[in-house]
Structure formats: structure tokens, C-alpha cells
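Read-outs throughout are calculated quantities, based only on the coordinates presented, and are distinct from any laboratory measurement. All of these numbers come straight from a predicted model, not from anything done at the bench. Glycine gets a Cβ as well: all are built from the backbone with ideal geometry, and neighbour counts include every protein chain shown.
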Amino acid sequence: MTVPTARFIFHEGRIVPFDEARVQVLSVGMAYATTVFEGLRAYWNEAVGQLYVFRLEDHARRLLQSMKLLRLEHDLTDEIIQQAVLALLRANELREDAHIRQLVYGEGIGPITTAGPVGMTVAAMPSYRLFDVESGIACATSSWRRIGDDALPPRIKCTANYQNARHAMLQAKLDGYGGALLLNGQGKVTEGPTMCVFLVRDGKIITPSLTSGVLESITRSTVIELLSVKHGVEVEERPVDRTEFYVADEAFFCGTACEVLPIVSLDRYPIGNGKPGPLTRTIQKAYNEVVRGMTSDDGQWRTPVYKSGQKRPR
Ligand SMILES: Cc1ncc(COP(=O)(O)O)c(C=O)c1O
């Protein structure tokens, strides 16, 4: 698929026309994947004429943690990171749902140990859908194991990690599935390629623990909080077996990109009745309401982009 672009991009401190963002092809960011990134979303609320970035502060915090783990030398602050996103959305005058991608990369040429200087690029483009959140997807357990904390840090977003997710997803697609579930080195469930996973069994909601080899996902924490605060249901965070999915009543992936995505089968075992389940639908609705500001709850998670609600100019 072709991802939509926008007029402007934030590149190394300046907002420039989209095609003018350039990096040195031999930089360590390119050559050794010395790059970390964030994927965010902004949601347009037509009723109040406002665009909200979802959990901007948390994404900025995770980006800084990713830089720390890669030992990148930089002078980027929380404030600079957040303001770059907001300035870019305003420059593009986006008044619709948007995907945001924020990258920090080693821009110099050097050996693999090169720690700086770094550049930051932010792109914000109209939203696109990669998955059908209405029907859900059929998944396969991947023969590729998820990277472990003894090889590359799974809890952060460094681009090198994503070849692992790519292998799993491409293989699943070639084999006729819509998605994949990756196990860790101990054979326990971790997550899907770029999405965390939950299952529902006998009224209990379960998700692999943060020490299972999963990304410290912002949507995962949102879902856990929505379930506990809004529905009084505590999520069990623990090691999960693959066969628990075969006997589960419901399962779903979650992530900034896929939002809440039902899993309807794993390895051709139908999950529940093979259709998205009621709790999955409840979470989808609650998530949509919170990201768009259709509820006044959880306002701390939404950063408004425009000063006051402004209708789209006609
Ligand atoms: C490897 C991986 N797991 C899980 C997720 C979901 O994380 P989040 O909810 O922060 O988008 C992502 C998405 O960015 C990811 O890249």
C-alpha cells in the first residue's frame, strides 16, 4: 500500500516541504539501524473541532528511554520532542485523523559504536488503515521467535527490532494468514508484529507480562486502565501459553496503529465462536471514545493541537 504523505515534514529542527528531508545514506542510522522511533496518532473530533494527540507525553518519554538504551548522545528534551509533533500538525493544518512517526537517528558516518550526533524527523500524515478492525484477523503462531532481552531490547522501539516483526508478518501472509503471534525463547506468548495481545477466558482477561519480551506498549497500558477503571476488571499480567488462545473465548491485539483488533482464530483454531467477542467490542468502543475525546474522562491523555476548537475551513 502507498502511505499518504503531507505538505510538510519536521526535519532536524525545521519544518520543510515533505520531499526536502534528506539524510546521509552512509549515516549510522542507515548503515547500522542506529535509529529509534515512535508511532503516534492524532484523532479529529468533529463535534468540538479539535485534533487530539493521544498520549503525547508518554510517547515522548518512551522515545527518550529508547535513546538511553541505545546510548545515543543528544540534547533533545521532552519539551522539544512534544513541540515538534504539535508544530508539524499545525503547519500541515491537519483537521482529520493522523498518523505520526517520530524518528531519531545517528546522522554521522562512523563505526557501529557511534553515539552522536543525532537528527530528529517527524512526519504527520492523514490516517490510513492497515487492518479490518470490524472482522478481525486469522493468525498463525510464527516459527520466528520474538527477540529476547538478552539480544536486543524488546521493551523499546529501536528500528533493528522490526526485522524480527517483519519476518513473522511476511511469513504469516505468505502462508495465508492475516497476522502472526510470536513466542519468546521460552515458548511463551509475547505479542504480534507491532501489537500487544490480550485473551479472555472464563471472564478473566490476560496479557503477557512486561517481562515476557513485549514492547512497553502505550495502548496495552490504556486498555488495562480502561478495563480496571471503567469496568472494574483487573487484567492478569503473566506468562501466557499458546494453547490458552486455542481455548479462549476472545482475543484481540492492540497498538497505536491497529487500535483494538479482534483475533478470530489462531493456527486455524477458532477463538470463541470465530467472531469478534463482546468484550473486544466493548474495549473497541471505549478506546475510540477516549482517543477522540468523546468522553470527558482521561483528558490528561489527550493533547489538543489547536488553541480552541476550530471547524475545518470550507
Ligand atoms: C513491537 C511493538 N509491539 C507493540 C506495539 C504497540 O505499542 P503502542 O501501543 O505503544 O503503539 C508496537 C507499536 O508501536 C510495536 O512496535
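Placing +1 at every Lys and Arg Cβ and -1 at every Asp and Glu Cβ, with all other atoms neutral, what dipole size does region 137-292 have around its Cα centre, in debye to the nearest 20? Intermediate values should be presented prior to the final figure.
On the way: 18 positive and 17 negative charges, 72 e Å.
Value, rounded to 20: 340 debye.
Dipole size of the chain about its Cα centre, with +1 on Lys/Arg Cβ and -1 on Asp/Glu Cβ: approximately 520 debye, rounded to the nearest 20. The packing ranking, built from the mean of other Cβ atoms within 10 Å per residue, places the peptides 170-182, 72-84, 35-47 in the order 35-47, 170-182, 72-84, highest first. Using a Debye calculation, one point per C-alpha and no hydration shell, please list log10 I(q)/I(0) for region 137-292 at q = 0.14, 0.16 Å⁻¹ in order. Log10 of I(q)/I(0), two decimals: -0.62, -0.82. Neighbours of residue 74 by Cβ distance under 13 Å: Lys/Arg scored +1, Asp/Glu scored -1, total -3.
Taking 32 Å as the limit for the C-alpha separation, the pairs 204/307; 68/188; 68/285; 188/275 exceed it in the case of 204/307; 68/285. Altogether, the Stokes-Einstein calculation at 25 °C and 0.890 mPa s, with the Kirkwood radius of region 2-55 over Cα pairs as Rh, returns a diffusion coefficient of 174 µm²/s. Antiparallel beta bridges, as assigned by DSSP with both residues in the chain, represent about 85 percent of the total such bridges.
Packing here is the average count of other Cβ atoms within 10 Å per residue, and on that basis the peptides 155-162, 237-244, highest first, run 155-162, 237-244.
What FRET efficiency comes out for residue 288 versus residue 19 if R0 is 35 angstrom and r is the Cβ-Cβ distance? Round to the nearest 0.05. Numbers along the way, then the final one.
Numbers: r = 34 Å, r/R0 = 0.96.
Using R0 = 35 Å, I get an efficiency of 0.55.
With the gyration tensor restricted to C-alpha atoms of region 56-132, the semi-axes of the equivalent ellipsoid amount to 26, 14, 12 Å, longest first.
In whole percents, the pair-distance distribution calculated for the chain from its alpha-carbon pairs, binned every 20 Å from zero, is 32, 59, 10.
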